[in-house]
Amino acid sequence: MTDLEQIKKFYEETFHKFNAERKFSEIQINFYPYIGINHTIRVRNGKVFVRIAEIFRDAPAEAQKALAFILVAKLFRKKIPPQVSDVYRSFAQNPEIQAKATENKRRKGRKIISTSKGEIYDLDEIFNRLNQTYFQNSISKPTLTWSQRKTFRILGHHDSTHETIVISKSLDDKKIPSFVVEFVVFHEMLHIFHPTVHRNNRRYNHTRQFRLDEKKFIRFEEAENWIEQNVKNLKLKAKRNKAR
Ligand SMILES: [Zn+2]
């Protein structure tokens, strides 16, 4: 996490690069609860107002620096060097951030809180069973919920900020074997067991130990193969239904 003072320095440096540091009396930076990944820069009465998407609060310094360059360059209608966009994208497009953005969008306007009890599978039951079998009941129960939409792109997601595990509603189906649902829940539980490691300004969600523990799932290969073979077809089917 980079604090606001540090982030402000990045903006000052960038304004300096564009020879415009004296043009503005003040730079104000805030995190703003935009849905998804969106940032804005605006000038009013000689002051600069920057709003960075809340989702970027955990962004490493290099990503904040790249974002500062991108926003200021946009303000001056200057080209953004590809190296800078690459640094920005490597954070903004990492799957965990994308999953968060998708989940935020899904949550927008949602009044009914989803339930752990699906039509076929009960996430509470699955969680308890896995917790006992693989974790000696050491994992305190997060909020467990089925997603609102039947997404196939993301089968499961762990949100550490809200201590929530979201499982795609597409798996609450009698055509999906129980060991597959269990495996997806197991994977998300491992995210609680092995929290994200921050090293050299990078985030590691699936550490080596995470991957080793993942293999301890009793039907690991079978579950991986099933997902590999079936999810592709399900995605295609979902696409076709949407196109209709
Ligand atoms: Zn994961």
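The values are calculated or read from the model by the stated rules, or taken from the named source; none is laboratory data. All of these numbers come straight from a predicted model, not from anything done at the bench. Cβ atoms come from the backbone with ideal geometry, glycine included; neighbour counts cover every protein chain shown. To get the accessible areas, we keep the full protein, side chains included, count just its heavy atoms, and leave off ligands, DNA and RNA. Shrake-Rupley method; radii C 1.70, N 1.55, O 1.52, S 1.80 Å.
Some values worked out for this structure:
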{"read-out": "Search result, residues across the stretch 184-197 that are within 12 Å of the ligand (Cβ to nearest atom) and free of Cβ contacts under 8 Å to residues at least 24 places away in the same chain", "value": "194"}
{"read-out": "Of all residues making up the stretch 184-226, the number that are charged (D, E, K, R) and surrounded by 12 or more Cβ atoms within 10 Å (Cβ to Cβ)", "value": "8"}
{"read-out": "Listing of helices (runs of 4 or more DSSP H) fully contained in the stretch 148-244 that carry 2 or more residues being among the small types (Gly, Ala, Ser)", "value": "220-243"}
{"read-out": "Subset of the stretch 144-157 that is open to solvent by less than 30 Å² (accessible area, probe 1.4 Å) and farther than 15 Å from residue 107 by Cβ - its residue that is nearest to the ligand (Cβ to nearest atom)", "value": "156"}
{"read-out": "Residue count, the stretch 198-223 (criterion: within 13 Å of the ligand (Cβ to nearest atom) and at pLDDT below 95)", "value": "5"}
{"read-out": "Matching residues in the stretch 1-43 - criterion: being open to solvent by 90 Å² or more (accessible area, probe 1.4 Å), more than 14 Å from residue 68 (Cβ to Cβ) and not in a loop (DSSP other than H, G, I, E, B)", "value": "42"}
{"read-out": "Of all residues in the stretch 88-114 being open to solvent by 50 Å² or more (accessible area, probe 1.4 Å) and in a helix (DSSP H, G or I), the one that is modelled with the lowest pLDDT", "value": "107"}
{"read-out": "Subset of the stretch 159-183 [open to solvent by less than 20 Å² (accessible area, probe 1.4 Å), within 12 Å of the ligand (Cβ to nearest atom) and without any contact (Cβ under 8 Å) to a residue 40 or more places away in the chain]", "value": "none"}
{"read-out": "Qualifying residue in the stretch 94-107 (condition: more than 30 Å from residue 167 (Cβ to Cβ) and not small (Gly, Ala, Ser))", "value": "no"}
{"read-out": "Extreme residue, modelled with the lowest pLDDT, among residues of the stretch 44-87 that are in a helix (DSSP H, G or I) and touching a strand residue (DSSP E or B) at 6+ places or on another chain (Cβ under 6 Å)", "value": "54"}
{"read-out": "Cβ pairs under 6 Å, 6+ apart, first in the stretch 80-103 and over 17 Å from residue 201 (Cα atoms), second away from the ligand (no atom under 16 Å from the Cβ) and not in a helix (DSSP H, G or I)", "value": "101/36; 101/37"}
{"read-out": "From 150, 141, residue being modelled with pLDDT under 90 and either in contact with a Pro (Cβ under 8 Å, 6 or more places away or on another chain) or farther than 20 Å from residue 220 by Cβ (or both)", "value": "150"}
